[in-house]
Amino acid sequence: MKLRLVLGDQLTTSLASLSDVGTDDLILMCEVKEEATYVKHHKKKIVFVFSAMRHFAQALRDQGLNVHYVTFDDPCNAGSLRGQVEALIQDYTISEVVLTKPGEFRLLAEFETWSDQLKLPVELREDDRFLATQAEFAAWAGGRKQLRMEYFYREMRRKHRVLMGGPDPIGGQWNFDADNRKPPPKTLSVPEPFKARDDTIVEAVSEVVAREFPDHFGDIHPFHFAVTRECALQALDMFINERLALFGDYQDAMVQGEPWMYHSHIGLYLNCGLLTPLECITKAEAAYHEGLAPLNAVEGFIRQILGWREYVRGIYWLRMPAYKSENALDAHRPLPDFFWTGETQMNCVRQCVLETKQNAYAHHIQRLMVLGNFALIAGLAPDDVNEWYMLVYADAYEWVELPNVSGMVLFADGGVLASKPYAASGTYIKKMSNYCDSCSYKVSVKNGRKACPFNYLYWDFIDRNAEALHRNPRMGFMYKTLARMSNEKRAAIADDALRFFKEIGPQ
Ligand code: FAD
Ligand code: DLZ
Ligand code: SF4
């Protein structure tokens, strides 16, 4: 009998390690302390993963397969994946362990030792749920000076024949971002997000999580995520029908009290395997051909999945394990408390943290241009920031979180992923949101106690990192502007930044 271990983010019936499963094999799924606490995941994320795992186990059993499922509160729970595999090897005659490669380097490194430790053959199969293989990405990256997402994305469009009219992109352009990214209008009637029906498994798991993980960040209730494939498909269809048409227009817009905007909220389903990337892309493309959504929206959405999602995975496996310890800007400030409590006068940060706490979700621009931008310009330590992003979002797994945080947000990789740091002053947040209207700081004020901290922290960041950044051709304009500032102005910026850092906590 073969033992096939299925992880919490491998909930796909066509999974490589299940492709040849028979009724005489044993499938192992287990809720283990090790995976739930190696970072202290948001409570809602644990409820989501455990509930989806339990439903998936049932779906496999319904196919007549033999599943050994270990719940978190099972008295026989060994607490770790390896412990659980060892326990089954004791109880059954196992000839081989079969696995699909995990999404995180730490687990891959561990699984690679298992054959020696367990004294059994261990087969690690490629995860073929992605649209580019690691070998394909490495071949694309090989010999290139710069690994820009846009060029990789064009290759993927050609390879998968997505939004193509013969050899050319439909609409004559690869990218329609010039039509996207509008500021939010004063009134916007955002559709209600998908809400899954009450579910007895979710109820039972919520009790376990509330009891076993009381010190983890985040709220369990309200819980509206889909936890089955059927339900995740409904959420996807609802996005395609109700939100996709305006996805491009308001992709970067932020509105107080509207956490979901026109985004799809499917990242958590894609990343745990309930949805596949190609089906999301195909449905979006069909919506364009049926006249349900314009090209700027459909292309923008598809680029996120076919481009960014595949690209960051490629970067992760290409650059790990060194990627995790990179700190090109030598940033060391500890994460301020308000990332947990939301207790700050900066209204934009407060709103994004509180929504993250409630929903285990924030949309891309909240993650990048509010929370991430603050982490960048305040010089927060990459390890702290990565740990925070890994645990707070329901869609977070290291293969996707780390390149977004260390690469896109913190420039800790020195420019592998982004050609320049995404640093911005309060002006950007003012333009793309209505947060500044209810803030006790004034976004138009540049210095002093009333000034928006993003304004002076931005210039302090530019000044502080001159050595590392002044030769970057895309930063030339900023360094010229800095050079034109009077000494008094530069001193006022440094003083404000120093005062702010003193006030937010230990250095
Ligand atoms: P939409 O905006 O509707 O986009 C559709 C899909 O495109 C997403 O579900 C996702 O699968 C994909 N996508 C979009 N942008 C990216 C991107 N930059 N990288 C990879 N995939 C992308 N995404 C994660 O899946 N997990 C993470 O842990 C994660 N951490 C992030 C941390 C930071 C600092 C930043 C800036 C971005 C992060 N992202 C992460 C990317 C992106 O913010 C989320 O994928 C997105 O917000 C999820 O919400 P959505 O499903 O509504 O996405
Ligand atoms: C995220 C997560 C959590 C919270 N718990 C479990 C678990 O108990 N058992 C499991 O098999 N997987 C879990 N996961 C998902 C894993 O952490 C994920 O498979 C790895 O991080 C690899 O991406
Ligand atoms: Fe954020 Fe500054 Fe606007 Fe306040 S004034 S909401 S701190 S950008």
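The values are calculated or read from the model by the stated rules, or taken from the named source; none is laboratory data. Worth saying up front: this structure is predicted, and the values here are computed from it rather than measured. Because the Cβ atoms are built from the backbone with ideal geometry, glycine has one as well, and the counts that use them run over all protein chains shown. What goes into the accessible areas is simple: the full protein's heavy atoms, side chains included, and nothing from ligands, DNA or RNA. Shrake-Rupley method; radii C 1.70, N 1.55, O 1.52, S 1.80 Å.
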0 to 90° range, to nearest 10: angle between helix 277-289 axis and the chain longest Cα axis: 60 degrees
Solvent-accessible area per residue for the stretch 338-504 (1.4 angstrom probe, square angstrom): 38 Å²
Dipole moment magnitude, nearest 20 debye, the stretch 174-281 about Cα centre, only Lys, Arg, Asp, Glu C-beta charged: 260 debye
From the C-alpha gyration tensor of the stretch 168-218, square roots of 5λ in Å: 42, 17, 15
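Grab the other residues whose beta carbon is less than 15 angstrom from that of Glu242, score K and R as +1, D and E as -1, and report the net. Let's see the in-between values first.
Values: positive: Lys195, Arg243, Lys283; negative: Glu192, Asp237, Asp249, Glu258, Glu290.
After counting each charged neighbour, the total is -2.
Which value, in nm² and rounded to one decimal, describes the direction-averaged projected area of the C-alpha convex hull of the stretch 2-125? Intermediate values should be presented prior to the final figure.
Details: hull surface 28.9 nm².
Average of the hull's projected areas for the stretch 2-125 equals 7.2 nm².
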When the convex hull of its Cα atoms is projected in every direction, mean area for the chain (nm²): 24.8 nm²
Helix 149-160 axis, angle to the chain major axis (alpha carbon atoms, nearest 10°): 40 degrees
Spatial separation of Cα centroids for the stretch 467-485 and the stretch 227-257, in angstrom: 39 Å
Inter-centroid distance (Cα atoms) of the stretch 146-200 relative to the stretch 381-436, Å: 20 Å
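Please label the shape of the stretch 278-403 as rounded, prolate or oblate, based on the square roots a ≥ b ≥ c of the eigenvalues of the alpha-carbon gyration tensor (a/c under 1.5 means rounded; beyond that, a/b larger than b/c means prolate, else oblate). Each step should come with its number before you reach the end.
On the way: a/c = 2.57, a/b = 1.50, b/c = 1.72.
Verdict is oblate for the stretch 278-403.
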Partner aspartates and glutamates for Lys430 [C-alpha distance under 18 Å; skip if fewer than 8 residues away on the same chain]: Asp249, Asp252, Glu258
Portion, in percent, of the accessible area of the chain that falls on carbon or sulfur, probe 1.4 Å: 51 percent
Dimensions in Å of the stretch 176-256 - Rg and Dmax from alpha carbons: 17.0, 49
For the stretch 2-125: accessible area per residue (Å², 1.4 Å): 39 Å²
Lysine pairs in the stretch 2-125 with Cα atoms under 24 Å, if 8 or more residues apart or on separate chains: 9
Antiparallel DSSP beta bridges within the chain, as percent of all bridges there, nearest 5: 10 percent
Average accessible surface area per residue within the stretch 283-329, 1.4 Å rolling probe, Å²: 35 Å²
Prolate/oblate/rounded label for the stretch 338-504 (Cα gyration tensor, a/c 1.5): oblate
Eligible lysines near Lys480 by straight Cα distance, threshold 22 Å, same-chain separation 8 or greater: Lys420, Lys446, Lys489
